[in-house]
Structure formats: structure tokens, C-alpha cells
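Enquirer: Please see the structure below; I have some questions.
The values are calculated or read from the model by the stated rules, or taken from the named source; none is laboratory data. The shown structure was predicted, so the numbers you read here are calculated from the model rather than taken from an experiment. Here the Cβ positions follow ideal geometry from the backbone for every residue, glycine too, while neighbour counts run over all protein chains shown.
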Amino acid sequence: MLPFNTASRIGLSVLLLLTGVVGLYLGEPVFVPLLISLMLATVLGPAAAWLHQTLKIRWSLACITVVILLVVANLLITTVFAASVARVVNQLSDEKKVKEAYNEFRTKLEKMSPGPLDEGLFPKNPESINQIGILQYIKDAVPYVVGQTAKYGSLWSWRLIVTLFITFFILLEGRMLARRAVAIFGPSDEVQAKATEVLIEMANQVRTYLVWRTIINLGLAIVMGVVYQMADLSQAWTWAILLAVLNYIPYFGPVLASIPPFLDAFILSNPAVALVVFIIFWVVIVLEGYLIVPLVMGRNMDLNATTVMLACMLWEAVWGMTGLFLAMPIMAAIKAILHHNPEWRVWADLMSSTDDPMPHPSPPTATLAPTPAGADLPNGKPDAAHAESESQRSA
């Protein structure tokens, strides 16, 4: 038998960590929809509770309503992108306009290039667009891109349906599921109270991040949409919505979102406009990251850059692009768990970007979304076993 010393404990911990990562990777079809559903239920729960308490709507109907509103919002975003793609396809179908745009682009690129351009990729005054090498590369890549888009689109269409159903049932039975999840940790009232505290704190952290991240992203989309419109970009609001979507990915998202508007301005306007748009974009992003986010999200959501980068690398390796979108909510939940355990709090402090340790957590004031009395019972009525346990408790 191996001695249970420090080295063996570290080795066992690393082995368990690797086993967990492999399990998450293999269980992606189950874990990803479940995790997204839990996050959506955390955000939509207060809205459903407001409909139930204020407008006196039945709890099941309130849950259905918020899920339908979520579907409508996603359909609107999808429609905007589909319309933008249709406009781009129509523009590319006119060979004369494509040649004019290419000649203007080549002239600008030639002025900025330190050396002569490759005539194979960028021929001068081509007679047809088939002679333009760079366009042929793009055209050859289109079937692959379309195939991959169709593949992932069909996969995520099914996952979206599953996720929406799971979200609805979590909302409908959330209170009951939360009580029974807490009961897993043991019969002690003290242990269950601590587990409830951690569960509520996790929900608050994830909700704070997702709600404020969405509000900030919408604000960024409006600001940059106006900037793009003033710069006379051909797809101004498409790039603005793309920024709102990609900005959920820390660091990498804004970099990817800055490329299309820059190319749009460079090709269809002039390099000066492209440079101005690029500078304004990054000024807004820096102000958002270093001023607005810390102000509205608070210190509990404060994660240092090293933690964020490592989290993005880990979850991208586990779940691909989906992992990049889920990295920050997952880390917010993990930090809440670490912070509420005295033995693990040093790890929460390690994840923080501040030098001083975080104070001891105070009891949370938020509550989980309420459900009507009897919602966790079959048909809304107590069965015989439940009635007997209630009578014994009363006695």
C-alpha cells in the first residue's frame, strides 16, 4: 500500500482532475445542454417569479412564457445574420461590382504594402473574377465552410431543443430540485444551511455575470453600431451584433469581432476610416473592460487575467468553442464554491486580481425563484406517504 503523504495526495488530486476532464470531454452531449440549461434557469427564474407573483400567472405558464421570449430573442438575432448573409451573396453575384471593389482594394493595399503584391493572388486589372487568386481561394473554401456550418447547425438545433426542454423543467421544479440537492450533503441542519448558502451564492454569481454581461454587450452593440453607421460600413449593425455575441468570450472575442468592421471599412471606404474605426473600437473595449465591468459586476466577479486565460484554454480544450462561451460562468460558480469553504478560500484569493484577501462571506439575502405550494408533489396533491410524514412532523 502506498504511503499517504503529501506527494501521494498531490498525485491523487492530479489523477482525479485528469479523470474529471476526460469525463467532461466524453460527456459533452449531456453536460453541455445541462449546464446551459442551469445557467438559463438561473437567469430566467426571477423573471418567471415576477410574472407569477406580480401578474398572478400560473407558475407553469410563467415558465413557458420566459422560455418562449428567449426563443424569440434568438430568432431575431438569427434573422439579422441571415439577412446580412443574403445581402452579401447578392453583392457577390454582380461581377462588375465585385471587380470594381477588388480594384479599389488592390490599389489601397498596394499603397500600404512594403513590397510588390503577388500577381497570382492579386492580379492587376483582371478581365474576370476567375483570374483573382484570392477570390478563388475563398470560393474553394466556401463548400467546406457551408458543410461545417450545416453540420454544427443541425447538431446545435437538436441540442437547442433539448436545452429548452431541460430549462423549462428546471424552472418548473427548481425549488423542489434545490431542496433535494441540498439534502444530498447530509441530514444535519448546519450542513444543509451551508450547502444552501453556497448554492444561492453560485446562482447569484452566475446570474450577475450573465445578466450584466448581456446588458453591457447590448450597450456595446448600440454604441459601435452607431460608430459603424457613421463610418458608412456596408454591414454596420451586423458587425455590432457580432460584437455583442463574441464579447461573451474573454479577450479572444473582441479580437475576432474587430476584424470584420476593419476589413469592411478598408475595402469599401479608405484606410483612414478603417484606422479610426479600429481605434474607437479598442478604446470602447478598454473602457468597458477596465471601468464598466468592475463597476457593475463588483469584486466577487473579479478574476485575474491569468485565471481567465487558463480557464479559456482548459474549457476550449474540453468543449471547443462552446467551452469559450461557458468559461466565465463556470469560473464564477467555482470561485463561489471555493470562497465559501475556509480550507479552499486561498484558491479563491489566488483567482482574484486584488492583492488583499476577500472578506468572509456574509449570509446571502437573495432567494431562489419561488414555486407554488405543492408544485413538487404529484398532480399538486400530497400522496399517502407525504401526508403521513407531514402528520408525524406536526406531532
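Enquirer: Starting from the range 138-163, keep only residues that are under 17 Å from V67 (Cα atoms), then list their pairs with residues that are surrounded by 10 or more Cβ atoms within 10 Å (Cβ to Cβ) whose Cβ atoms are within a distance under 6 Å, requiring at least 6 positions of separation or different chains.
Expert: R159/P33; V162/P33; T163/P33; T163/I36; T163/S37
Enquirer: I would also like to ask the following. Mind listing whichever residues of the range 194-219 are closer than 15 Å to L44 by Cβ and of a type in the set (G, A, S)?
Expert: Listed by number, the list holds a single entry, A203.
Enquirer: Consider G153 carefully, then state whether it is closer than 28 Å to P33 by Cα, among the small types (G, A, S) and either assigned by TED's automatic domain parsing to the domain that holds G45 or part of a helix (DSSP H, G or I) (or both).
Expert: Working: closer than 28 Å to P33 by Cα: yes; among the small types (G, A, S): yes; either assigned by TED's automatic domain parsing to the domain that holds G45 or part of a helix (DSSP H, G or I) (or both): yes.
In short, yes.
Enquirer: Using the structure shown, decide if V71 is of a type outside the set (S, T, Y), more than 30 Å from I267 (Cβ to Cβ), in contact with a Ser or Thr (Cβ under 8 Å, 6 or more places away or on another chain) and part of a helix (DSSP H, G or I).
Expert: Answer is no for this residue.
Enquirer: Does the range 169-178 contain at least one residue that is aromatic (F, W, Y), in contact with a helix residue (DSSP H, G or I) (Cβ under 6 Å, 6 or more places away or on another chain) and either farther than 30 Å from I280 by Cβ or part of a helix (DSSP H, G or I) (or both)? I'd like the intermediate steps shown before the answer.
Expert: Looking only at the range 169-178, we keep the residues that are aromatic (F, W, Y), and these are 169.
Going one step further and asking which of them are in contact with a helix residue (DSSP H, G or I) (Cβ under 6 Å, 6 or more places away or on another chain), we end up with none.
Checked the range 169-178: no residue is aromatic (F, W, Y), in contact with a helix residue (DSSP H, G or I) (Cβ under 6 Å, 6 or more places away or on another chain) and either farther than 30 Å from I280 by Cβ or part of a helix (DSSP H, G or I) (or both).
Enquirer: Kindly check whether there is at least one residue in the range 266-281 that is more than 30 Å from T107 (Cβ to Cβ) and at pLDDT 90 or above. Outline the logic, then answer.
Expert: Within the range 266-281, the subset more than 30 Å from T107 (Cβ to Cβ) is none.
No: zero hits.
Enquirer: Are there any pairs, at least 6 apart or on different chains, whose C-beta atoms fall under 7 Å, with the first in the range 6-21 and more than 17 Å from M313 (Cα to Cα) and the second exposed (fewer than 10 other Cβ atoms within 10 Å of the Cβ), and if so, which?
Expert: Partner pairs satisfying both residue conditions: S8/L2.
Enquirer: Can I ask one more? Checking the condition closer than 30 Å to W347 by Cβ, in contact with a Leu (Cβ under 6 Å, 6 or more places away or on another chain) and crowded, with 16+ Cβ neighbours inside 10 Å, which residue from L246, L303 passes?
Expert: Values: L303 fails: in contact with a Leu (Cβ under 6 Å, 6 or more places away or on another chain).
Exactly one of L246, L303 is closer than 30 Å to W347 by Cβ, in contact with a Leu (Cβ under 6 Å, 6 or more places away or on another chain) and crowded, with 16+ Cβ neighbours inside 10 Å, namely L246.
Enquirer: State whether one or more residues within the range 212-223 are among the polar types (S, T, N, Q), touching a residue at least 12 places away in the same chain (Cβ under 8 Å) and closer than 30 Å to A265 by Cα. Steps first, answer last, please.
Expert: Just the residues of the range 212-223 that are among the polar types (S, T, N, Q), to begin with: 214, 217.
Those still in the list that are touching a residue at least 12 places away in the same chain (Cβ under 8 Å) too: 217.
Pick out the ones that are also closer than 30 Å to A265 by Cα and you get 217.
Yes, there is a match, as at least one residue in the range 212-223 is among the polar types (S, T, N, Q), touching a residue at least 12 places away in the same chain (Cβ under 8 Å) and closer than 30 Å to A265 by Cα.
Enquirer: Which members of the range 179-198 meet the condition of being of a type in the set (K, R) and surrounded by 12 or more Cβ atoms within 10 Å (Cβ to Cβ)? First the steps, then the outcome.
Expert: Start the filter on the range 179-198 by keeping residues that are of a type in the set (K, R), which leaves 179-180, 194.
R179, K194, listed by residue number.
Enquirer: So, one more: Determine which single condition F122 fails, assuming it passes every other condition in (1) under 30 Å from Y209 (Cα atoms); (2) touching a Lys or Arg at 6+ places or on another chain (Cβ under 9 Å).
Expert: Just one mismatch for F122, condition (1).
Enquirer: Under 6 Å between Cβ atoms, which residue pairs at least 6 apart in sequence (or on different chains) link something in the range 112-123 that is within 12 Å of Y102 (Cβ to Cβ) with a partner that is of a type outside the set (D, E, K, R) and surrounded by 11 or more Cβ atoms within 10 Å (Cβ to Cβ)?
Expert: Pairs that qualify, where the first residue is within 12 Å of Y102 (Cβ to Cβ) and the partner is of a type outside the set (D, E, K, R) and surrounded by 11 or more Cβ atoms within 10 Å (Cβ to Cβ), are L121/G133; L121/I134; P123/Q131.
Enquirer: From the set of residues in the range 98-129 that are surrounded by 12 or more Cβ atoms within 10 Å (Cβ to Cβ) and charged (D, E, K, R), which is farthest from L233 (Cα to Cα)?
Expert: E110
Enquirer: Which of the residues spanning the range 179-212 are under 13 Å from H340 (Cα atoms) and touching a helix residue (DSSP H, G or I) at 6+ places or on another chain (Cβ under 8 Å)?
Expert: Going residue by residue through the range 179-212, those that are under 13 Å from H340 (Cα atoms) are 191, 193-202, 205.
Matches in the range 179-212: A195, T196, V198, L199, E201, M202, Q205.
Enquirer: Got a sec? Which of A41, A48 is in contact with a Gly (Cβ under 7 Å, 6 or more places away or on another chain), surrounded by 17 or more Cβ atoms within 10 Å (Cβ to Cβ), in contact (Cβ under 8 Å) with a residue 40 or more places away in the chain and among the aliphatic types (A, V, I, L, M)? Explain how you work it out, then say what you get.
Expert: On the way: A48 fails: in contact with a Gly (Cβ under 7 Å, 6 or more places away or on another chain).
Only one candidate qualifies: A41.
Enquirer: Can you report the number of residues in the range 1-29 which are surrounded by fewer than 16 Cβ atoms within 10 Å (Cβ to Cβ) and closer than 26 Å to N204 by Cβ?
Expert: Result for the range 1-29: 1.
Enquirer: Going residue by residue through the range 50-60, is there one that turns out to be closer than 23 Å to V162 by Cα and in a helix (DSSP H, G or I)? Show your work before the answer.
Expert: At the first step, the residues of the range 50-60 found to be closer than 23 Å to V162 by Cα are 59-60.
Narrowing further to those that are in a helix (DSSP H, G or I): 59-60.
Yes, because at least one residue in the range 50-60 is closer than 23 Å to V162 by Cα and in a helix (DSSP H, G or I).
Enquirer: Among residues belonging to the range 178-198 that are aliphatic (A, V, I, L, M) and in contact (Cβ under 8 Å) with a residue 40 or more places away in the chain, point out the one that is nearest to P254 (Cα to Cα). Full working, then the answer.
Expert: Filtering the range 178-198 for residues aliphatic (A, V, I, L, M) gives 178, 181-184, 191, 193, 195, 198.
Adding the requirement that they be in contact (Cβ under 8 Å) with a residue 40 or more places away in the chain leaves 178, 198.
Values: A178: 36, V198: 32 Å.
Looking at residues that are aliphatic (A, V, I, L, M) and in contact (Cβ under 8 Å) with a residue 40 or more places away in the chain, I get V198.
Enquirer: Same structure, new question: State which residue pairs qualify: first residue closer than 28 Å to T306 by Cα and inside the range 243-272, second residue hydroxyl-bearing (S, T, Y) and assigned to a helix (DSSP H, G or I) in any location, beta carbons under 9 Å apart, and separation of 6 or more residues or different chains.
Expert: L243/S258; A244/T214; Y248/T214; P260/T238
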